[in-house]
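The values are calculated or read from the model by the stated rules, or taken from the named source; none is laboratory data. Worth saying up front: this structure is predicted, and the values here are computed from it rather than measured. Please note: Cβ atoms are built from the backbone with ideal geometry, for glycine as well, and neighbour counts cover all protein chains shown. Heavy atoms of the whole protein, side chains included, go into the accessibility calculation; ligands, DNA and RNA do not. Shrake-Rupley method; radii C 1.70, N 1.55, O 1.52, S 1.80 Å.
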Protein chains: 4
Amino acid sequence: LIVVTQKDVRIEIINEALGFLNERELQPRTIRWKNQLLLLTNRNLSSTDLDRLNDLGVVERIVSPTQKAQLASRDFQTDGSVVKVGNVSIGSQRLVVVAGPCSVESRQQLLQVAHLAKRLGASMLRGGAFKPRTSPYEFQGLGETALRLLAEAREETGLPVVTEVLEPGNVDLVAKYADMLQVGARNMQNFSLLRAVGKSKMPVLLKRGMMATIDEWLQAAEYVLVEGNHNVVLCERGIRTFEKVTRNTLDLSAVPVLRRLTHLPVLVDPSHATGSRDLIAPMAKAAVGAGADGLMIEVHPNPDSALSDSAQQLDLGQFATLMEEIESFSSVAGRRLR
Amino acid sequence: LIVVTQKDVRIEIINEALGFLNERELQPRTIRWKNQLLLLTNRNLSSTDLDRLNDLGVVERIVSPTQKAQLASRDFQTDGSVVKVGNVSIGSQRLVVVAGPCSVESRQQLLQVAHLAKRLGASMLRGGAFKPRTSPYEFQGLGETALRLLAEAREETGLPVVTEVLEPGNVDLVAKYADMLQVGARNMQNFSLLRAVGKSKMPVLLKRGMMATIDEWLQAAEYVLVEGNHNVVLCERGIRTFEKVTRNTLDLSAVPVLRRLTHLPVLVDPSHATGSRDLIAPMAKAAVGAGADGLMIEVHPNPDSALSDSAQQLDLGQFATLMEEIESFSSVAGRRLR
Amino acid sequence: LIVVTQKDVRIEIINEALGFLNERELQPRTIRWKNQLLLLTNRNLSSTDLDRLNDLGVVERIVSPTQKAQLASRDFQTDGSVVKVGNVSIGSQRLVVVAGPCSVESRQQLLQVAHLAKRLGASMLRGGAFKPRTSPYEFQGLGETALRLLAEAREETGLPVVTEVLEPGNVDLVAKYADMLQVGARNMQNFSLLRAVGKSKMPVLLKRGMMATIDEWLQAAEYVLVEGNHNVVLCERGIRTFEKVTRNTLDLSAVPVLRRLTHLPVLVDPSHATGSRDLIAPMAKAAVGAGADGLMIEVHPNPDSALSDSAQQLDLGQFATLMEEIESFSSVAGRRLR
Amino acid sequence: LIVVTQKDVRIEIINEALGFLNERELQPRTIRWKNQLLLLTNRNLSSTDLDRLNDLGVVERIVSPTQKAQLASRDFQTDGSVVKVGNVSIGSQRLVVVAGPCSVESRQQLLQVAHLAKRLGASMLRGGAFKPRTSPYEFQGLGETALRLLAEAREETGLPVVTEVLEPGNVDLVAKYADMLQVGARNMQNFSLLRAVGKSKMPVLLKRGMMATIDEWLQAAEYVLVEGNHNVVLCERGIRTFEKVTRNTLDLSAVPVLRRLTHLPVLVDPSHATGSRDLIAPMAKAAVGAGADGLMIEVHPNPDSALSDSAQQLDLGQFATLMEEIESFSSVAGRRLR
């Protein structure tokens, strides 16, 4: 349950309310949410407890979301959230295209993609610096070197940068260079990491775990939100099923389902979902049709020589074609690309 | 392996070729495919066997598809198939919308939907007469009564009719009234039924089994094709995953994957996939974006009182809105609705 | 809801009760269940309706199972069912081992396996005559020839025979030769077939669909039971998951779950589940530990040359070893093999 | 590829070999494995490269495992590993039962369970101190307080203690109190954590991710092994499927599959897999039948009041019964409980 407090209420009164809720074993916590102070409890209040809070004069309004994901819920915030990353607004009328290579491999590779992405109307740049790899013998990313290159690409193109962070101990390092922190699919329920990116107050891109229900995904987002960080964007990237032709099964119905359940913006990543270059364009258009706020697309100057995920990265020409196709779908969907 | 025979080859020569292939244990069968005669074998021929066939003068060309689904394969037929159902062409530039109630419940119910569907630009009418129900205690459909009503609705509206057939013994009965036979998800690997609808030479709508890989689906289609019935349309309707918010997970990536592997047209059924009224419109638009040849939509004058699947049927107003939205997506996708 | 009628109630009274229940739109049906007559309705009765039935004097007792699977439910019958197949009792203290080749391929192949199976303590013989194959180009079974060989093997060994039936039109043919009809995984929701094997009154082995929930499986069994055929045995054979090392994932927890929900006996088929010879013995022992009433094991004199499923069939020596190992586990599990 | 070096080879020679392999871009690394030094490369060597190494005199033998999981592979080490945790040997003839509450809740709760577990023949004590919970509003564990209680319980009973560690920054803290570090299902691909527990050299219990393939699981183990920590035990705890009656689907076939692929010991956790008290005993016996090296069982003095996972914890009487039943199965399986 969420108590939205009155704006002018004194701190002593808040403390009194907290003390009272603690006595009732409601495990209250306060959260600074945009320009308001919230009191969260772990279950609903009885009417007498509610009367007591009202008597104290702390209550502006009470929200009792049906989901376990309280702050993420549409019941708590009916308007869609807009998350600002640099000069880009995710969740606005603009369809946000995040483009870039799977891994940052070299200065030239990254800058070439970044400039093209900028020119073609992409809004943000992606690129892996720390790579979570199934095997310890696979390429693990260039680390801080890659972060520096990403920052340089941002300077040159003006595109804000998103990159993955793998552990709580690296959040500060990544936050120094990037504009948005990505929590990858394998870490969706790495709760320590979620808390750490929550505390950073940086914009967070939270990918769906490949085995995660939508309900669990929203509760993972809640770990970030409850730290007072409301800048969370969700990214559908495919779930694991029995089908073997595609790397994963892109669950596009997650887009309208999330629209119903949460106010958080939703991106779609057709590259990881399909694992196959020729499926990216149709699934990108499908994602726009389903109502996504944006797309995440892997682009590489020479995919066949990529150090990771070569089968699913577009080359520059394919990306240019994709952007044209998406533009017309965007406008029918009530969005604009630029 | 498929041998496309020369058009003017005499039957005695074909028989000699068959005899020879039989000796080689290649299990040959002949199939009348459109205006040609094909010889199919169960494995590739050696070069000496091939020489022998060439000497006989039967070979126009040899196709050796990589898939087990030989006749369904793009390797065999590179152009997309167009399946004619009455006056409707599935696989053409027109986006085919098949609309109608889950079950035929009454004359009034069906005609009301049929007339509206016709007026709004739908191409075909659907409606269940024989219903495959999880429980023997659930409504099992009106049977032949429903078939008669479907035929009447076709007379009144001109919309060709598709309805499900559940067993080999009923194929003739259903074929008497309907224009297209549907094989439902639960029967996708009911091989006796597949052979029976194959022999009927009627157009067949083959839904994907909820546990079927795309590979298995194409091999199921092959059971129909190998009877010489090339009028097969595939319909993606959601697969079973761990996600519980939606009834099934609509696998839209199946659309471009099928486009790559087969020449058969592909419809998408967002009603069964999502099981939820508010998800149908976004997923229908997504399906158009993914490149589907058409949509199958459940519409009911009064969904809440429907005898089956009430949560996933649109009412008439919702369907009208959906058709408008789809129209603009269709045109961007290079399709037209009427 | 199930009304167990009094034993001496006159048919006129039953008819009056049926008429009354029909008026109430309760869709009543009568079923002869062992030595009693049951009235089934599609929903619960109001207390006044119940009073009326009591006044008529038809009610011995009322059962209101919580599952949709009424007759299959433990709530209806608390004692475990014992299904007799020839001289074999499935669901008794004896662990029933059904052994035999995937497909019947020749007289010699079948008789060799049958004699060995008999000698080693197997209770029943299996062998496919009509094979449901993913591709139309794969071996489809020897049909009636195989049925005749199975009958001959039974004459020679005394082992009752189970074999699969694929379509309603073949039930009589298969029933002429076999002692038990198998409905395979792909046909678990082939409701026409379920009704047909129900009407035959023959013992039925109902395999779990590879994507079927336990709940759906029990409702499929209900289709057989509701025809008055109480001789149903369930067989877990693996479900489809994302794991690729094994052909399917054997869901052994289904055994105790079914024990809780239903009175029907449960076999386990580790051959199809694992698809791999070296996994059969450990999973057979695990199945005994989980409480299965029996096992279904594929055995072939020369697995590597088998016409179907060669990787998962044991050779005769491996089967002999397996039987020894199972014997000691059986006795710890309170069962005996012979 | 793994080069097992000769025991008496000088460090200068090793360095020369490393330099050479580096030139060849084989990304060599050295690992101290038990009493030998290994050189690992990221791919196979050409025969000329191999000759060069032989000339240097470093090679004792070369192993080229077929799996990506090199050190975990049976190809590398054919004998099963035995992992020592305190005085307990996992992978030996003794069936190791790890028992204890889901979460440590109080001194009394833990000690009561620990003493009973000891008395009944359990080998180790479990208990959650840091709990990974789906929702931030759920009980997150008592933290270091719980660790201290676990250490106290070990002092009193002599049972070694295993408990979960959630983040790299906590490895030292948990290692101070526990005898074995658990990496939970949600963290199976938390590669930072895997490296950290690898570096600790403590015994590690690596649970299978609920959507992890066996192949991915072994590669996750490889992250620990490649740090030179060979004390890894795997624990199957159920995978996520479409089935809803059970919390997860216990994949017991993983036990013999792992036996074939790896030398690492394997435990089975029927509590988390089934999520249901009455399913634990049958699945524990099944696990013994499948060949597991041990079991992990949740036990609580009063499960209904447990702060987490109350439905799946046994009470003390149920645990006592379970231990009796397991004892007889163990002996048939060639194991002993004490």
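Worth a mention:
- The C-alpha atoms of chain B define a longest principal axis, and helix B:214-225 lies at about 70 degrees to it.
- For C:His272, the shell of other residues with beta-carbons less than 9 Å away shows a net charge of 0, using +1 for Lys and Arg and -1 for Asp and Glu.
- In Å², nearest 10: area of B:Asp55 left accessible to a 1.4 Å probe: 130
- Relative contact order of chain B, defined on C-alpha pairs under 8 angstrom at six or more residues apart (%): 17
- Seen from B:Arg336, the other residues with C-beta closer than 11 Å to its C-beta sum to a net charge of +2, counting Lys and Arg as +1 and Asp and Glu as -1.
- Net dipole in debye of chain B [+1 Lys, Arg Cβ; -1 Asp, Glu Cβ; about Cα centre; nearest 20]: 260
- Using a probe of 1.4 Å on the protein chains alone, the accessible area found for B:Thr5 is around 0 Å².
- Surface burial for C against B, with a 1.4 Å probe and both sides summed, reaches about 2900 Å² of accessible area.
- Shape call, the range B:1-78: gyration tensor on alpha carbons, a/c limit 1.5: oblate
- Rounded to 10°, Cα long-axis angle of helix B:191-200 versus longest principal axis of chain B: 80
- Taken about its Cα centre, the range D:228-317 carries a charge dipole of about 320 debye when Lys and Arg each add +1 at the Cβ and Asp and Glu each add -1 at the Cβ.
- Taking chain C as the region of interest, the number of lysine pairs whose Cα atoms are within less than 21 Å, with members eight or more places apart or on different chains, is 19.
- Pairs of alpha carbons in chain C whose separation is greater than 36 Å (percent): 22
- Value of relative contact order over the range D:250-338, rounded to a whole percent, pairs C-alpha under 8 Å and six or more apart: 27
- Near C:Gly100, the amide H atoms lying under 5 Å from its own belong to C:Arg126, C:Ile297, C:Val299; only residues 5 or more places off or on other chains count, and H is placed 1.01 Å from N.
- Rg to Rh, two decimals, where the range C:182-338 supplies the alpha carbon set and Rh follows Kirkwood: 0.97
- Placed amide H near B:Arg336: partners under 5 Å, 5+ positions off or other chain: B:Arg94, B:Leu95
- Degrees, to the nearest 10: D:277-290 long Cα axis against longest axis of chain D: 30
- Evaluating 6.51 cos²θ - 1.76 cosθ + 1.60 at θ = phi - 60° for every residue in the range D:55-60, the Karplus couplings come out as 4, 5, x, 8, 7, 8 Hz, glycine and proline recorded as x.
- Whole-Hz couplings from phi, Karplus 6.51/-1.76/1.60, listed for the range A:321-332; x for Gly and Pro: 4, 4, 4, 4, 5, 5, 4, 5, 5, 4, 5, 5
- Solvent-accessible area of the range A:297-338 (1.4 angstrom probe, protein heavy atoms only): carbon and sulfur portion equals 46 percent.
- Comparing Cα centroids, the range A:216-244 and the range D:273-304 end up 31 angstrom apart.
- For trypsin sites (Lys or Arg not before Pro), the sites in the range D:240-308 that DSSP calls loop and that have at most 13 other Cβ atoms within 10 Å are D:Lys244.
- Each residue, B:Ser328 and B:Arg119, gets one label point 7 Å from its Cα in the Cβ direction; the gap between the two is 2.3 nm.
- Annotation: amide H-H contacts under 5 Å for C:Ser81 (H modelled 1.01 Å from N, sequence separation of 5 or more, or interchain): C:Leu264.
- Relative contact order for the range C:195-329, counting Cα pairs under 8 Å that sit 6 or more residues apart, in percent: 19
- Mean residue ellipticity, 222 nm, helices only, chain D: the sum of -39500 (n - 2.57) across DSSP H runs of n ≥ 4, divided by residue count and rounded to 500, is -11000 deg cm²/dmol.
- Net charge of the neighbourhood of A:Phe139, taken over other residues with C-beta under 11 Å away and scored Lys/Arg +1, Asp/Glu -1, is -1.
- GNM on chain B, alpha-carbon springs under 10 angstrom: the most fluctuating residue among B:Leu116, B:Leu225, B:Leu206 is B:Leu116.
- Rounded, prolate or oblate (a/c below 1.5 giving rounded, otherwise prolate when a/b exceeds b/c) for the protein assembly as shown by Cα gyration tensor: rounded
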